[in-house]
Amino acid sequence: METDMNVLSITTLSGNDGFFSYPSGICLNTQEKALYIADMYGSRICRLTRNGSRSALPNTTADGDTLRKPLAVCIAADQTLYIADAGHNRLFRMGPGDPHWLPVRTGKFSFQLPGSIAVAPGGTLFATDFLKNRLVQITSDGETAILTEDEACILKPYGICLYQNQLFYTDTAHMRICAANVKTGEINPLPCQIENPIAITLDRAGNAYISEPKRIHYLDTRKNTLHRFLDKETWKVWMQQYGIENHICHIGALCAGEIGELFFTDTIKGCVYRMTMEIR
């Protein structure tokens, strides 16, 4: 379905030099205007500025181990970073003054491939448990609850994004997007079908962006209209127009900045891009 959208620019923030090895998660620190990247095969979290400056955070954990396969990263209002590590099957956090990654308390609960993570203003965490088909909530004091594990509502969930009281997630095996109300627990599948949804992000206006391996869709959550604006063919045009060196391969993570600003990673190619759009 068409919408009033126009891509204005695409910038390669990082790529082609092997710095990133399967960048699978991304979030934006709006205070310092820097990105944090979960570099999965590099077993680290990296910081990337808009001018291309890159650095790696310490990757040691409090017990003397190291990160293994960090898949996702998000940031809280107090600047604490939270990650989902698929190698440890745990969540970790690092505050501004912490020298190591500290495990997030989850009681007796254990993950089996935590795919994505989101944090609410009060510190409550939400995560997808991909192999167990669960949507999980963890309070700041470690109380853990399963929001849903009904396979009619959730099957191979991966990406999540919290917007107001709605937790949007990619119900990948059902080829759809769902919204879970974190106060009532009610789950509503959105009336759109996407063949292989991976990551999802929403900007502050409620515009949603969903990635597939070689596509990105724009979803108007108020009108429930879906528009595919990036695919292999449009990317070929933009490669010439914006001087992009790599074909698109696997869009594994994305996050929204300002309205009309989108950051995303190509996990296979190890690239990070910034796109600006006009949305009317």
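Computed from the coordinates by the stated procedures, all read-outs in this text should not be read as laboratory data. As the structure is a prediction and not an experimental result, all values here were calculated from the model. Virtual Cβ from ideal backbone geometry, glycine too; neighbours counted across all protein chains shown.
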> Ranking W101, W235 by Cβ neighbours within 10 Å, fewest first, what do you get?
Replying inline: W235, W101
> Of all the C-alpha pairs in the stretch 26-76, what % are more than 19 Å from each other?
Replying inline: 26
> What is the magnitude of the charge dipole of the chain about its Cα centre, with +1 placed on the Cβ of each Lys and Arg, -1 on the Cβ of each Asp and Glu, and no other charges, expressed in debye to the nearest 20?
Replying inline: 220
> Add -39500 (n - 2.57) for each DSSP H run of 4 or more in the chain, then divide by its residues: what number comes out at 222 nm, to the nearest 500 deg cm²/dmol?
Replying inline: -1000 deg cm²/dmol
>> Given bins 5 angstrom wide, list per bin the percent of all Cα-Cα distances in the chain, short to long.
In response: 1, 6, 13, 18, 20, 18, 13, 7, 3, 1, 0
> Three principal axis extents, largest first, for the C-alpha atoms of the stretch 90-139, in Å?
Replying inline: 35, 22, 19
> From the cross-link list K183/K223; K69/K214; K33/K236; K214/K269, which pairs have alpha carbons spaced over 19 Å apart?
Replying inline: K183/K223; K69/K214; K33/K236
>> Viscosity 1.567 mPa s, temperature 4 °C: what is the translational diffusion coefficient of the stretch 136-253 from Stokes-Einstein with a Kirkwood Rh over Cα pairs, rounded to a whole number of µm²/s?
In response: 84
>> Give the aspartates and glutamates reachable from K108 as a straight Cα distance under 18 Å; neighbours fewer than 8 places away on the same chain don't count.
In response: D85, D129, D141, E143, E149
>> Order these by the 10 Å Cβ neighbour count, fewest first: R215, R44.
In response: R44, R215
> Between H247 and D220, what length comes free when the chain is fully extended (0.36 nm per residue of separation minus the Cα-Cα distance, one decimal in nm)?
Replying inline: 7.0 nm
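For every other residue with a beta carbon closer than 12 angstrom to the beta carbon of L219, add +1 if it is Lys or Arg and -1 if Asp or Glu, then tell me the sum.
+2
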